[in-house]
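Here's the structure we're looking at; comments come further down.
The values are calculated or read from the model by the stated rules, or taken from the named source; none is laboratory data. This one's a predicted model, so the numbers in the text were calculated from it and none came from an experiment. Note: ideal-geometry Cβ built from the backbone for every residue, glycine included; neighbour counts use all protein chains shown. Heads up: the accessible areas ignore ligands, DNA and RNA and are worked out on the full protein's heavy atoms, side chains in. Shrake-Rupley method; radii C 1.70, N 1.55, O 1.52, S 1.80 Å.
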Amino acid sequence: MRINGNAIRPGNIIEHNGRLWRVAKIQHTQPGKGGAYLQAEMKDIRDGTKLNERFRAAESVEKVRLDEEAYQFLFIDGDEVTFMHGKTYEQITLNKEMIGDPVVYLKDGMNVTIHSYEGSPISVELPDSWVMEVMEADPVVKGQTASSSYKPAILENGERIMVPPHIEAGARVLVATADGTYLERAK
């Protein structure tokens, strides 16, 4: 499907210069002289190289349609991550690099979406947020204002995050899997 250069959004997969790229960031720019353009920061899906490219509104690019399948996380063995298909129970093993930084938030039984292009898996999408238990949390320092102060805490997966002062060890919190930030206390 062809789209205009100014219709590119973060997360889109586009075909450009004969390669597949995932758009990471975009910035619309309108200089004083010349026409407006969209500056896109993209990452090659296959080898991870980065590219900054300018697209004008008059240009068109090919937006790639990906196949999406629901899988369940099973286990990690070294650099390999194993998932099971939700309906066929077929297992697939992928490299940790395909998932990126959010790999630390994989938890037993987590349902993920695996995107593939022409039968070859190219990316793994975790849920937007996941409930994690706080294993350690620093004590509250008297005199801190509750609205803007956060304290360090360590989650069950060993990751360190910043949480509000009222969160104690043993509490369950909702964490954004994309960047590992605290969202709210889990119910």
Residues ILE114, ILE99, ILE122: which one is among the β-branched types (Val, Ile, Thr) and modelled with pLDDT of 90 or more? ILE114
Looking at THR49, THR29, which one is more than 22 Å from the chain's Cα centre (by Cα) and open to solvent by less than 80 Å² (accessible area, probe 1.4 Å)? THR29
Give me a count of the residues in region 66-92 that are in a strand (DSSP E or B), in contact with a strand residue (DSSP E or B) (Cβ under 7 Å, 6 or more places away or on another chain) and within 25 Å of LEU155 (Cα to Cα). 9
Of the listed residues (ALA40, ALA24, ALA7, ALA70), the one being of a type outside the set (S, T, N, Q) and touching a helix residue (DSSP H, G or I) at 6+ places or on another chain (Cβ under 9 Å) is ALA40
If we keep just the residues of region 1-15 that are in a strand (DSSP E or B) and more than 22 Å from the chain's Cα centre (by Cα), which is nearest to ARG56 (Cα to Cα)? ASN4
With the condition kept exactly as written, say whether any residue in region 12-20 is surrounded by 11 or more Cβ atoms within 10 Å (Cβ to Cβ) and free of Cβ contacts under 8 Å to residues at least 24 places away in the same chain. no
With the structure loaded, tell me whether PRO127 is over 19 Å from ALA178 (Cα atoms) and at pLDDT below 95 or whether it fails that test. no
Confirm whether LYS63 is at pLDDT 85 or above, out of contact with any Leu (no Cβ under 7 Å at 6 or more places or on another chain) and open to solvent by 80 Å² or more (accessible area, probe 1.4 Å). no
Checking TYR71, TYR117 in turn, the sole residue that is of a type in the set (Ser, Thr, Tyr), open to solvent by less than 30 Å² (accessible area, probe 1.4 Å) and under 28 Å from ALA176 (Cα atoms) turns out to be TYR71
Anything in region 36-46 that is without any contact (Cβ under 8 Å) to a residue 60 or more places away in the chain and open to solvent by 40 Å² or more (accessible area, probe 1.4 Å)? List them, or say none. ALA36, GLN39, GLU41, LYS43
What are the residue pairs meeting all of these: first residue in region 56-71, first residue touching a residue at least 60 places away in the same chain (Cβ under 8 Å), second residue of a type in the set (Gly, Ala, Ser) and open to solvent by less than 70 Å² (accessible area, probe 1.4 Å), Cβ atoms under 9 Å, and 6 or more apart or on different chains? LYS63/ALA7
